[in-house]
Structure formats: structure tokens, C-alpha cells
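Derivation of every value follows stated rules applied to the coordinates shown; laboratory data play no part. Computed from a predicted structure; not experimentally measured. All Cβ positions, even for glycine, are placed from backbone atoms using ideal geometry, and neighbour counts span all protein chains on display.
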């Protein structure tokens, strides 16, 4: 089985184009979350910009769908040019139930076997107390991160999280997505944990997900 969880991050005003692409490609399940960018106040002031409002569009598709979605996003959103958003494919290991699999694949047979496990990039997911995303991003940038996307969330964690982590998951939360090279991810996570982790007001915890394909990070390749 070769299925991928696709995540696209773009300006909110351009998200309808991405949704239209998913509809044209008959993606069975498409979810949209509102988010915001993490550009520093100094950067925004210097370039006379407003804080960027983002949309995170996600879907599940097979390897052929990844290629089609990437191609259309490059053609219509110029997603492969830095500054126009980012799109990534995260390999899925399993799906619960035959009906779910049929729904996600439109009933068609999947091509290929296991996804490629040689990952050049990874998605760092940081869960933190609401209002401390800039503290997290300052720590991440100090370790080489280029930027991130902030989503709002509501925690429903058990009381055991306070016992072991010193933070409560059952409150308003922010989530930060940071795409980093596999070589950088450990240093970024270490910096976030040391400067904004458990025991601080941010109370951040973080983990990574593998990215098998990504568009919108050309600046990494130029270094």
C-alpha cells in the first residue's frame, strides 16, 4: 500500500485555487484549517507587510495523486517558487478498515509497495500553550529554521500529561509546523526544547513526521 497525507500551506486568499485543484483531481477527503505565518515583526515592518493569513489544506491520495497534485499546484499556484506556499507528502503506514481504504482511494487498486523511506526533509510539529508561538519560532530560527505555520487547537489530554510533562493538554493550544532538512531537525528540536519546552511558559513538546516529497523549499537546494 502506498498512500500519502498531503499538506498544502498557502495564503488564505489563494486557498480556493488549491481546493479547486483537489476537486478537479477527485480527491475524496479535503480538509481546510485556518492558520497564520511566523514572519518576525521586524521583517513585516521592514517590508511594509501585514501578518500573513494562511490556510492549510490537507488530503489523502496515492503516489499518482501526489504527482498530479504537485504538478497542478506548481502550474496554478507556483508552489515550487519560494514565497508562494509549500506542499508536502507524508507517507501513511496503515489505514483502518477496507471501507476506509476504498473511500480514500476511490475504490481503485493502489500502485507500488512501500513508500520510499529515504527522507531528505521532515515536518517538525510543535504543540505549545497558546500565545507563545513567537518564543518557539525564535528558538527554531536560532537553530536554522526558515519559518513556520501556526494553527490553533483545543487540547483534550489526560491529567497524566501534567504529571510527566508539567503541562496540561486540556486547554487552548497553538501548533507550529516547521519543515526542515533531516540534517537540521535535531538541532531545531533541541533548541525549541531548551528555550520553550516543558518547564517554560510555552510548555512546548515536539516530534517529527517524514516527508517523502516537498515543493516550495528551493532555497534549501541553493545552499
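So, R0 is 35 Å and r is the distance between the beta-carbons of residue 25 and residue 194; what FRET efficiency does that work out to, to 0.05?
0.25
Rounded to the nearest 0.05, what FRET efficiency is calculated for residue 81 and residue 171 with R0 set to 30 Å and r the Cβ-Cβ distance?
FRET efficiency, residue 81 to residue 171: 0.20.
Given 0.36 nm per residue, what is the gain on full extension from residue 201 to residue 146 after removing their alpha carbon distance, in nm?
Contour length minus Cα-Cα distance gives 17.5 nm.
What FRET efficiency, computed as 1/(1 + (r/R0)^6) with R0 = 25 Å and r the Cβ-Cβ distance, is obtained for residue 130 and residue 52, rounded to the nearest 0.05?
0.85
Based on the mean of other beta carbon atoms within 10 Å per residue, what is the order of 187-195, 18-26, most packed first?
The most tightly packed comes first, giving 187-195, 18-26.
Extending each Cα 7 Å along its Cβ direction at residue 64 and residue 16, get the distance between those two points in nm, one decimal.
Here the answer is 3.1 nm between the modelled labels.
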